[in-house]
């Protein structure tokens, strides 16, 4: 009963798993269908036209984008719809249509938020942050980077870890630009943990590079130099084609830091080593001009060759002008002004310093503006006061702006923390409700399972009682059949004795009398007597044969179980035409076997013979039942077509044989080969109802 209950529970569990599997497959199939539907194909075609059809006017390209946007808005699948709308917003961004890009992005964010699609929501905020950063609206860029970070952190770690690291890195760059050095360092340390775990050497280099910039901004030049050198170590793990430009930047940063530390000799060596690369000027002219300007200034400050200094600065000015990068002229002009002032050409020095200052103001290079104002104050003593006042105002404005930005970043983080806290509270409340709902569902399921198990247990008990009743009926039938067979055997024995002792005696007397008549010597009497005597001898022999057969059968045939098997085998043999032979061990007290063994052994033989008739096409079947030690061995061997045990599924007949063998704890072995036949061997534990009686009978038999 316990095995049946466990089987039922296992079936229920398998059914639930199968249901979940089918549901997940259906969901996956729907997703695949959604990603390859005709509507998606049309949207992709319209987007391709809008992006690549350069010959079309913007209005025509916008027409296709609006068409794609309307079609995407009608998609039923939330993830597919949001992804398509996000692709459309990126096309607006590439076409420099900032108004429609922001409008489309806002729509994507709203729909992604409603559908709780955190990956899509994070990517949309990321796109907006990049957009604002490209327009130097850094506070808005920082806001969206942080929003993107918060959404990525809600995803499984393995899906979003790299995106989280990139958001920390981007936030750090913006924090550094507003001299929020503490916040920038914290963001970079978080990014470094992630990139180190991912073994992303290029981004690890980038993080250490920004840490070097931050330390330089705080005048911690030793620390800055250490970070730059650390960044350079990670470049060794990259391919040369990927790391070449980064190596140049890293060497320039190290040389620039050495120059700021006034270690001019080391700076000159580093710059000179960097400039030995013949590909440097051709592949990165902007960085090249910075490097030769730095080298010139280091040589100037170290008291080196002034002609070489002038030559390098002139080259920097020429290359910068060739590239059309007027915004980069402030540095070499400032350095050249200091050189001219040193050489005594104050007028030209002031002129170059003013040009450098104007360029710095136009490009919002506040650090360069402060340096040029300070230089002008030193060179143009007549106007030193006005330069000092301008310097003070600019410095105060920069500090105020930086404070405002830092406060804004702090408010953004505070607001984000508050939102996170509120979300956590809502999440906790939701978890409580979900937990309560799950508890109720589990309680209902448990109640249903208990009721179902109770019903099934009741059914099993009823079946068990039925089985016990059937066993009693079967035993009664066997008992009655046994009594009938016993009476039949007694009657056979009586007839045998009567034939032997009565008829044979009389026949013997007649033969003796007739033998006495042999004294007559007439030919007719002699011939007649001889014939009669011969006939009597034949009758005597026939009666003796019948007597012996009847007497032997009475002892050889066992009533009940064996007789039932023989009758069943004979019945199948007569009805099917199959030749059957049945042998058994006559030393075994078959009637004292446990009822379950007799019933199941009987059914196994019956089922095997049915298979021989229906499937095996057998001509002859051998059945043997023998005792082997403390076990009984039942063997059924046919000469049928056989079958492959490793292929195909088992039929109900074979399953019934296996089931019945398990019920009596028997070992079942089936050996079958195509074209040879099948042998079924069942090894059964010999369990008797009255073992003492069996032992007494076995002693008597021996």
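Assorted remarks:
- In segment 409-428, the condition of being modelled with pLDDT of 65 or more and under 31 Å from the mean Cα position of the chain (by Cα) is met by at least one residue.
- Flag for residue 657 being part of a strand (DSSP E or B) and on the phi < 0 side of the Ramachandran plot: no
- Within segment 262-289, tally of residues that are surrounded by fewer than 16 Cβ atoms within 10 Å (Cβ to Cβ), over 51 Å from the mean Cα position of the chain (by Cα) and under 24 Å from residue 214 (Cβ atoms): 1
- Residues that are in a loop (DSSP other than H, G, I, E, B), at pLDDT below 85 and within 25 Å of residue 113 (Cβ to Cβ) within segment 21-80 comprise just one, 37.
- Residue match in segment 198-215 (condition: closer than 14 Å to residue 148 by Cβ and surrounded by 20 or more Cβ atoms within 10 Å (Cβ to Cβ)): no
- If you filter segment 295-328 down to residues that are over 25 Å from residue 367 (Cβ atoms) and surrounded by 13 or more Cβ atoms within 10 Å (Cβ to Cβ), you find that the one that is farthest from the chain's Cα centre (by Cα) is 306.
- Close pairs from segment 89-116: first modelled with pLDDT under 90, partner in a loop (DSSP other than H, G, I, E, B) and loosely packed, with under 15 Cβ neighbours inside 10 Å, Cβ under 8 Å, at least 6 apart: 98/135
- Residues of segment 133-156 satisfying the condition of being under 15 Å from residue 93 (Cβ atoms) and surrounded by fewer than 20 Cβ atoms within 10 Å (Cβ to Cβ): 133, 134, 135, 137, 140
- The condition (being in contact with a helix residue (DSSP H, G or I) (Cβ under 6 Å, 6 or more places away or on another chain), surrounded by 15 or more Cβ atoms within 10 Å (Cβ to Cβ), in contact (Cβ under 8 Å) with a residue 12 or more places away in the chain and over 18 Å from residue 629 (Cβ atoms)) is satisfied by just one residue among 592, 600: 600.
- Taken over segment 351-383, the residue count meeting the criterion of being under 60 Å from the mean Cα position of the chain (by Cα) and not in a helix (DSSP H, G or I) is 3.
- Taken together, 310, 330, 353 contain a single residue that is within 23 Å of residue 255 (Cβ to Cβ), in contact with a helix residue (DSSP H, G or I) (Cβ under 6 Å, 6 or more places away or on another chain) and free of Cβ contacts under 8 Å to residues at least 60 places away in the same chain, which is 330.
- From the list 255, 231, the one residue that fits, being modelled with pLDDT under 95, more than 41 Å from the chain's Cα centre (by Cα) and crowded, with 23+ Cβ neighbours inside 10 Å, is 255.
The values are calculated or read from the model by the stated rules, or taken from the named source; none is laboratory data. In this text, all values refer to a predicted model and were calculated from it rather than measured experimentally. A quick note on method: Cβ atoms are made from the backbone with ideal geometry, for glycine too, and the neighbour counts reach across all protein chains shown.
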